[in-house]
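The values are calculated or read from the model by the stated rules, or taken from the named source; none is laboratory data. Since this is a predicted model, take the numbers as computed values, not measurements. Cβ coordinates were reconstructed from backbone atoms using ideal geometry, including for glycine residues, and neighbour counts include every protein chain displayed. Accessible surface areas use protein heavy atoms only, side chains included; no ligands, DNA or RNA. Shrake-Rupley method; radii C 1.70, N 1.55, O 1.52, S 1.80 Å.
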Amino acid sequence: MAESKTLLDLKHARKSFGDNEVLKDISLTVEEGEVLAIIGPSGGGKSTLLRCCTLLETLDGGTLSYGDCVVASDSGSGAVYGGKDVLQRARTHFGLVFQNFNLFPHYTVMKNLIDAPVTVQKVPKDQAVAKAYQLLEKMGLEGKQDMVPCELSGGQQQRVAIARALMLDPAVLFFDEPTSALDPELTKGVLKVIRDLAEEHMTMVIVTHEMKFARDVADHLIFMDGGVIVEQGPAAEVIDNPQHERTRAFLLSEE
Amino acid sequence: MDIVTLINQFGAAYMGLDGSLTLTTLLMRMGGGLIVTFQIFLITLIGSLPLGVLIALGRMSKIKPLSALMRLYISFMRGTPLMLQLMAIYYIPYYVFGIKLSLLNFGPMDIGPVHVEVGWVMTACCIGFILNYAAYFAEIYRGGIQSIARGQYEAAEVLGYTSSQTFMKIVLPQVIKRILPAMGNEVITLVKDTSLAFVLALAEMFTVVKQIVASEVTMVPFILAALFYWLFTILAEFVLGRIEKKLNYYHD
């Protein structure tokens, strides 16, 4: 088997908000084609971890790199981030799907999809439009290109948000509790889309409360609580046979 | 019988206008003033709408001295009478720099299709209105900008938009929709505030009307002026309503 390529490498990540230490020495890697699920109780640091990986928060300590793009290195006294150009280059490596979609409400579905490629990456417009149509079809959103987000259901909006992230061809796609704002019926459609992406070996990091989904779709699973990785391993193994008492308690409470 | 005579007969019969002041000459003189009023209105908007954005951004800047300065500016501009500001700006070149005010008359100028004689009175007046209204607009913009959810900025950031692209493409269009009702208030106030230009004896409508009332001893110009201002604000309301309707294609 060919040696897999590490797309994301995070080492000894530390992050505090005031006196509250949210991430305590977290290390993780994401390999090409891997689906990583992160579970755990609220306030356990999952979202902060994701926000640090997507550069929405800065680490206090530790190192972060995407492929050969070193975003943050450790000087010994704390994390040192690269300049604006480095951060901008790093952002081309990943996409992020938010819990509450964060679509641009004043843009049509089409404009939501093509604006970043055209504005940021200078992709020719007709090329972006063609790609947008492909993705809309893949997301089960045919014919919705001229609607504005408020005319769509939450599930449809989230699928537009996934398509928007995919438009930029990210190496890694992050999901921050993508179905938490949706009712069970709408959740299904979104999870199906993510499942399809997993089958195409899209590299993904998914923070989720959907245990069954995490078990099915993820290769690797991390259980986080109190700012540390309590337990990790193959997804099915961790969920079916948790080794740690806290993992067991959490999984029982989620059922 | 031609229309002028008809109008003048109406004025004579129902308004007591005859001899030295017929209804048509009154309307003509007021019309001249109305054009100046409209010019002040338009120039003020063209200047203060963008200036307000800059002041709002300065006010929200992380650079402390800049933010403090803008705060002071807004406080002063909103805290002193516009009439006083107009007079002060008019006299500044003379009392501060010793420049004769007549030297500041720039002569004829073509602004688009409009040919105007740009004098210091008009210039000072517009500077005053722009500086004053920008302060009010800045606070409205600030409220609007701060009402945009954090997630919009974060989504744009992750997608790789620069901060200026984020502001121009994502934030500002949404802000405009949200602040439109508040802006409407200010715009309508501006229509009537243009009458304050009378303190500089600028020949806008109210100045003209006051002169006619004093010289001809009649209340009629006041009544007509009220109607003109009202019509003007109704027009402004209509335009604002159209813009609001146009932006109504989405809600958030």
Exercise for the section: Kindly state which strands (runs of 3 or more DSSP E) lie completely within region A:6-69 and contain at least 1 residues that are within 14 Å of chain B (Cβ to nearest Cβ). Expected result: A:61-66
Practice task
Specify which of the listed residues (B:Phe228, B:Phe206) is touching a Phe, Trp or Tyr at 6+ places or on another chain (Cβ under 7 Å), under 30 Å from B:Asn8 (Cβ atoms), open to solvent by 40 Å² or more (accessible area, probe 1.4 Å) and more than 14 Å from chain A (Cβ to nearest Cβ).
Solution key: B:Phe206
Practice task
Please work out which one of (1) touching a residue at least 60 places away in the same chain (Cβ under 8 Å); (2) over 30 Å from A:Asp146 (Cβ atoms) is the condition B:Glu244 fails and give its number.
Solution key: (2)
Fill in the blank from the handout: Taking region B:43-72 and keeping only residues that are surrounded by 14 or more Cβ atoms within 10 Å (Cβ to Cβ) and within 15 Å of the chain's Cα centre (by Cα), one is left with B:Ile43, B:Thr44, B:Leu45, B:Gly47, B:Ser48, B:Leu49, B:Leu51, B:Gly52
Practice task
Return the only residue of B:Leu103, B:Leu21 being hydrophobic (A, V, I, L, M, F, W, C) and assigned to a helix (DSSP H, G or I).
Solution key: B:Leu103
Practice task
Specify the residue that is most open to solvent (accessible area, probe 1.4 Å); the eligible residues are those in region A:124-154 that are within 14 Å of chain B (Cβ to nearest Cβ) and out of contact with any helix residue (DSSP H, G or I) (no Cβ under 6 Å at 6 or more places or on another chain).
Solution key: A:Asp146
Fill in the blank from the handout: Taking region B:142-164 and keeping only residues that are away from chain A (no Cβ under 14 Å) and open to solvent by 20 Å² or more (accessible area, probe 1.4 Å), one is left with B:Arg142, B:Gly143, B:Gln146
Practice task
For residues that are surrounded by 23 or more Cβ atoms within 10 Å (Cβ to Cβ), in contact with a Phe, Trp or Tyr (Cβ under 6 Å, 6 or more places away or on another chain) and within 7 Å of chain B (Cβ to nearest Cβ), tally how many sit in region A:90-105.
Solution key: 1
Fill in the blank from the handout: Considering residues that are part of a loop (DSSP other than H, G, I, E, B), among the charged types (D, E, K, R) and over 24 Å from B:Gln174 (Cβ atoms), the number found within region A:133-148 is 1
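In the list B:Val158, B:Val208, B:Val199, which residue meets the criterion of being free of Cβ contacts under 8 Å to residues at least 12 places away in the same chain and among the β-branched types (Val, Ile, Thr)?
B:Val158
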Problem - Residue under evaluation A:Lys84, criteria (1) farther than 21 Å from A:Leu50 by Cα; (2) modelled with pLDDT under 95; (3) within 10 Å of chain B (Cβ to nearest Cβ), criterion not met - result: (1)
Exercise for the section: Return a yes/no flag: does region A:196-219 have any residue that is in contact with a Phe, Trp or Tyr (Cβ under 6 Å, 6 or more places away or on another chain) and modelled with pLDDT of 95 or more. Expected result: yes
Practice task
Name every residue in region A:106-123 that is facing chain B (nearest Cβ under 8 Å), outside any loop (DSSP other than H, G, I, E, B) and surrounded by fewer than 24 Cβ atoms within 10 Å (Cβ to Cβ), in order of residue number.
Solution key: A:Asp115, A:Thr119
Fill in the blank from the handout: Sole miss for B:Met219 among (1) away from chain A (no Cβ under 14 Å); (2) touching a residue at least 40 places away in the same chain (Cβ under 8 Å); (3) aliphatic (A, V, I, L, M) is condition (2)
Practice task
Could you tell me whether region A:44-65 includes any residue that is out of contact with any strand residue (DSSP E or B) (no Cβ under 8 Å at 6 or more places or on another chain) and modelled with pLDDT under 90?
Solution key: no
Practice task
Please indicate, with yes or no, whether at least one residue in region B:165-187 is part of a helix (DSSP H, G or I), of a type outside the set (A, V, I, L, M), surrounded by fewer than 17 Cβ atoms within 10 Å (Cβ to Cβ) and within 19 Å of the chain's Cα centre (by Cα).
Solution key: yes
Problem - Residue check for B:Asp252: assigned to a loop (DSSP other than H, G, I, E, B) and either in contact (Cβ under 8 Å) with a residue 12 or more places away in the chain or of a type in the set (Asp, Glu) (or both) - result: yes
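Here is a yes/no grid of residues against (1) touching a residue at least 60 places away in the same chain (Cβ under 8 Å); (2) in contact with a Pro (Cβ under 6 Å, 6 or more places away or on another chain); (3) open to solvent by less than 10 Å² (accessible area, probe 1.4 Å); (4) of a type in the set (Val, Ile, Thr):
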position: A:Thr58; (1), (2), (3), (4): no, no, no, yes
position: A:Thr63; (1), (2), (3), (4): no, no, no, yes
position: A:Gly67; (1), (2), (3), (4): yes, no, no, no
position: A:Gly83; (1), (2), (3), (4): no, no, no, no
Exercise for the section: Go through (1) among the aromatic types (Phe, Trp, Tyr); (2) in contact with an Asp or Glu (Cβ under 8 Å, 6 or more places away or on another chain); (3) within 14 Å of chain A (Cβ to nearest Cβ) and name the single condition B:Phe198 misses. Expected result: (3)
